[in-house]
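Inspection log for the structure reproduced underneath, given as structure tokens.
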Amino acid sequence: MSHMIPTGQYKISNVLYPNRYAHMSGNKEFVGHDVADIIKVEVTDLVQHLATLYDTRTGLYIGVDTQDGKVKGYTDPHVLQLSSDDGIKFEIHPKDLNDVWYLKDGGNWTFIIVEPAPISEGKYWKFDKVPDPSPALNLLKNVLGHLTGECGWSPHRIHLFGFAQGGSVVAEACLQWWHRELELSSQSRMTNKESLVCPLGSLVTISGLLLSYPTLSKPCETPVLGFRRPGELNNGALNAIRKGFSGVNVVERAGEGMPHASLREEWQPILEFGSEVLGWRPGAGLYEVRTGMLS
């Protein structure tokens, strides 16, 4: 029975320091960081546990520089061997070599080095599967295109709301929209035509973190409310959201799951956020939500 992981997208965490993930630094060297890069694993040989590792954030393959003992990013694929006795803890190394990835300590930005397998558990890595949001993102892309095209809706009147994986999907969809807007604006400048960059109206994500690490030329201007429970959306996840969006407000409430309809203190910040970003029309039966005004 093979203990090899299947092809897919993963976050790679260290076994000894589980809050440290493989993350490429600015000089293309990999470190242990509280924000995980999403790594696409392509299995090339199931029997020998061989695979290529592709960093989806930077567009580079992960390889080992045996000369200076570093894990680095490369434009060409590097085949690595993922050795494991149980399919949970893996040693990562070049084929048939004993020089393995090793994290010496749990500090943020600690370099992942390569050396002969030490006794320490810091040589082991876990591959945590990341859900593939592509089908849902493609659907949302089509919906947004239909609303702003055939229906003639203004982007700032479109508001996204999601819980858990749904929160992750709408956050990614919001960034994808913004990325396309920046590209269109850049193209229009090249043809001497001005094109406004139009963000979506707002985003509410409840217990939903980003599945990618944003690398935008300019943060998204869509206002964001992040609602979390204790232990959710750690500092790394919040840093990723704040890197992608310029205006982020985060609230935390005890409990678990979706905000409960009967608990005013849970829905209050969401309603207040909505009252600030949602459009309104004059008419009877409309009310503004303010702190202390609910009974």
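Rundown of residues vs (1) on the phi < 0 side of the Ramachandran plot; (2) open to solvent by less than 40 Å² (accessible area, probe 1.4 Å); (3) touching a Gly at 6+ places or on another chain (Cβ under 8 Å), yes/no style:
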{"position": "Tyr21", "(1), (2), (3)": "yes, no, yes"}
{"position": "Asn27", "(1), (2), (3)": "yes, no, no"}
{"position": "Phe30", "(1), (2), (3)": "yes, yes, yes"}
{"position": "His33", "(1), (2), (3)": "yes, yes, yes"}
{"position": "Ala36", "(1), (2), (3)": "yes, yes, yes"}
{"position": "Val43", "(1), (2), (3)": "yes, yes, no"}
{"position": "Gln48", "(1), (2), (3)": "yes, no, no"}
{"position": "Leu53", "(1), (2), (3)": "yes, yes, no"}
{"position": "Gly59", "(1), (2), (3)": "no, yes, no"}
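For region 88-99, a tally of residues being under 22 Å from Pro6 (Cβ atoms) and either without any contact (Cβ under 8 Å) to a residue 12 or more places away in the chain or not basic (Lys, Arg) (or both) returns 6.
Conditions (1) assigned to a loop (DSSP other than H, G, I, E, B); (2) closer than 30 Å to Ser186 by Cβ; (3) β-branched (Val, Ile, Thr); (4) in contact with a Cys (Cβ under 6 Å, 6 or more places away or on another chain), marked per residue:
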site	(1), (2), (3), (4)
Leu209	yes, yes, no, no
Ser212	yes, yes, no, no
Lys218	yes, yes, no, no
Thr222	yes, yes, yes, yes
Leu225	no, yes, no, no
Pro259	yes, no, no, no
Glu266	no, no, no, no
Ile270	no, no, yes, no
Gly274	no, no, no, no
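If we scan region 237-257, do we find a residue that is modelled with pLDDT under 90, surrounded by 18 or more Cβ atoms within 10 Å (Cβ to Cβ) and either in contact with a Ser or Thr (Cβ under 7 Å, 6 or more places away or on another chain) or among the basic types (Lys, Arg) (or both)? Among the residues of region 237-257, not one is modelled with pLDDT under 90, surrounded by 18 or more Cβ atoms within 10 Å (Cβ to Cβ) and either in contact with a Ser or Thr (Cβ under 7 Å, 6 or more places away or on another chain) or among the basic types (Lys, Arg) (or both), which makes the answer no. Residue by residue through region 87-142, note down the ones that are in a strand (DSSP E or B) and open to solvent by 40 Å² or more (accessible area, probe 1.4 Å). Within region 87-142, Asp99, Phe111, Glu115, Pro116, Lys126, Asp128, Lys129 meet the criteria.
The values are calculated or read from the model by the stated rules, or taken from the named source; none is laboratory data. Keep in mind that what you see is a predicted model, and the values were worked out from it rather than measured. Please note: Cβ atoms are built from the backbone with ideal geometry, for glycine as well, and neighbour counts cover all protein chains shown. These area figures cover heavy atoms from the full protein model, side chains too; ligands, DNA and RNA do not enter into them. Shrake-Rupley method; radii C 1.70, N 1.55, O 1.52, S 1.80 Å.
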